[in-house]
Amino acid sequence: FKTIGDFEKSQKIVSDCILKMKSDDYSYNNFWYFEFQLLYVDITINSSASPVRVLSLLLNTLKHAFSCSMTTIVAKGSLLLVELLVTANPKSSLEDAKSILMQIMPMILQIQELESISKANLLLAKVLNSELYNTENISEIISNPHAKEKVNTILELLETSITGFKKMNNLKLMKEAFELEYSLAEITNHEGLGSHSKEALQQISKRINEE
């Protein structure tokens with residue numbers, strides 16, 4: 001749906017599917033009902049000026065999925081919760097976002113779903129990057145060994161996520177990952193990495209325009 005670019009239309013399609021499943025006992029299925037709810041939340045987070053309005057729906061979905069032992073839904077929903085926190089309140093939610101990611105990472109790896117693994121790595125890279133900027137100034141990032149170690153961790157997470165997004169041909173998230181990689185390359189004066197990221201971003205933008 002998101003590749004269409006018409007978020008309002010996508011929301012309507014997903015809402016109609018949810019309502020149909022609720023009203024038709026024959027078509028109702030717990031797993032797909034939760035999947036459509038998560039899709040609605042995902043679209044809203046990426047399109048609404050007030051993504052926090054789906055927090056209640058997301059928490060309710062997570063609660064019921066957990067009670068049904070639906071690990072895949074819980075893992076994907078938890079990633080959306082992190083994305084919602086980071087989107088709605090990036091500065092004050094870093095600790096909560098990081099804590100959730102560290103707790104659910106084993107679950108993400110357990111379900112062995114490429115999209116979830118790639119998103120988890122990108123989200124953790126974003127959180128660590130924001131954390132880095134909050135605790136260090138640019139000159140300290142370059143000279144501080146601890147900060148350098150964190151930069152390397154972020155780059156490793158980005159590499160893993162980019163590899164996954166390439167396999168899925170997810171241009172939007174590839175672009176996000178390379179943008180973060182490029183900004184880190186600029187800060188650390190890593191010319192080779194910067195050139196690679198810049199070239200990748202140009203190619204992705206060209207492909208997006210062609211689609």
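Give me a count of the residues in the stretch 171-184 that are more than 30 Å from Ser143 (Cβ to Cβ), of a type outside the set (A, V, I, L, M, F, W, C) and either touching a helix residue (DSSP H, G or I) at 6+ places or on another chain (Cβ under 7 Å) or surrounded by 15 or more Cβ atoms within 10 Å (Cβ to Cβ) (or both).
So the count comes out to 1.
Filter the stretch 190-211 down to the residues that are in contact with a helix residue (DSSP H, G or I) (Cβ under 9 Å, 6 or more places away or on another chain) and acidic (Asp, Glu), then identify the one that is nearest to Lys148 (Cα to Cα).
Within the stretch 190-211, the match that is nearest to Lys148 (Cα to Cα) is Glu191.
Can you find a residue in the stretch 19-35 that is under 22 Å from Leu59 (Cβ atoms), touching a Ser or Thr at 6+ places or on another chain (Cβ under 8 Å), modelled with pLDDT of 85 or more and open to solvent by less than 50 Å² (accessible area, probe 1.4 Å)?
For the stretch 19-35, residues under 22 Å from Leu59 (Cβ atoms), touching a Ser or Thr at 6+ places or on another chain (Cβ under 8 Å), modelled with pLDDT of 85 or more and open to solvent by less than 50 Å² (accessible area, probe 1.4 Å): present.
Return the residues of the stretch 69-89 that are open to solvent by 60 Å² or more (accessible area, probe 1.4 Å) and farther than 17 Å from Lys119 by Cα; say none if nothing qualifies.
Matches in the stretch 69-89: Ser69, Asn89.
Assess whether Ile43 counts as being surrounded by 13 or more Cβ atoms within 10 Å (Cβ to Cβ) and within 24 Å of Leu124 (Cα to Cα).
yes
Would you mention how many residues in the stretch 35-69 are part of a helix (DSSP H, G or I), touching a residue at least 24 places away in the same chain (Cβ under 8 Å) and of a type in the set (Gly, Ala, Ser)? Give the derivation first.
Narrowing the stretch 35-69 to residues part of a helix (DSSP H, G or I): 35-45, 51-67.
Okay, now just the ones that are also touching a residue at least 24 places away in the same chain (Cβ under 8 Å), so 35, 37-45, 51-52, 54-55, 58, 61, 64-65.
Then keep just the ones that are of a type in the set (Gly, Ala, Ser); that gives 65.
Looking only at that region, the number is 1.
Would you call Asn129 open to solvent by 40 Å² or more (accessible area, probe 1.4 Å) and modelled with pLDDT under 95?
no
Within the stretch 185-211, how many residues turn out to be surrounded by 12 or more Cβ atoms within 10 Å (Cβ to Cβ) and either closer than 17 Å to Asn152 by Cα or of a type in the set (Phe, Trp, Tyr) (or both)?
So the answer is 9.
Residue by residue through the stretch 97-115, note down the ones that are outside any loop (DSSP other than H, G, I, E, B) and open to solvent by less than 80 Å² (accessible area, probe 1.4 Å).
First, pick out the residues of the stretch 97-115 that are outside any loop (DSSP other than H, G, I, E, B): 97-111, 114-115.
Within the stretch 97-115, Ala97, Lys98, Ser99, Ile100, Leu101, Ile104, Met105, Met107, Ile108, Ile111, Leu114, Glu115 qualify.
Give the number of residues within the stretch 143-170 that are more than 21 Å from Glu131 (Cα to Cα) and surrounded by fewer than 17 Cβ atoms within 10 Å (Cβ to Cβ).
Residues meeting the conditions: 5.
Look at Asn60 and say whether it is under 22 Å from Gln112 (Cα atoms) and open to solvent by 50 Å² or more (accessible area, probe 1.4 Å).
When the stated conditions are applied, Asn60 does not pass them.
Looking only at the stretch 191-204, which residues are under 18 Å from Ala125 (Cα atoms) and either at pLDDT below 90 or of a type in the set (Ser, Thr, Tyr) (or both)?
Within the stretch 191-204, Ser197 is the sole residue that qualifies.
Among all residue pairs at least 6 apart or on different chains, which show Cβ distances below 8 Å where the first residue, located in the stretch 74-101, is on the phi < 0 side of the Ramachandran plot and the second is crowded, with 18+ Cβ neighbours inside 10 Å and in a loop (DSSP other than H, G, I, E, B)?
Sorted first by the residue in the stretch 74-101, then by its partner, the pairs are Leu85/Ser93; Val86/Ser93.
Please state which of the following conditions Lys63 fails to meet, knowing it meets all the rest: (1) touching a helix residue (DSSP H, G or I) at 6+ places or on another chain (Cβ under 7 Å); (2) over 22 Å from Ser10 (Cβ atoms).
Here Lys63 meets the rest and fails (1).
What is the residue count in the stretch 51-95 for residues that are more than 20 Å from Ser130 (Cα to Cα) and among the polar types (S, T, N, Q)?
Qualifying residue count, the stretch 51-95: 7.
The values are calculated or read from the model by the stated rules, or taken from the named source; none is laboratory data. Everything quoted here is computed from the prediction, not taken from an experiment. Every residue, glycine among them, receives a Cβ derived from its backbone with ideal geometry; neighbour counts consider all protein chains shown. We work out accessible area using only protein heavy atoms, side chains counted, and drop any ligands, DNA or RNA first. Shrake-Rupley method; radii C 1.70, N 1.55, O 1.52, S 1.80 Å.
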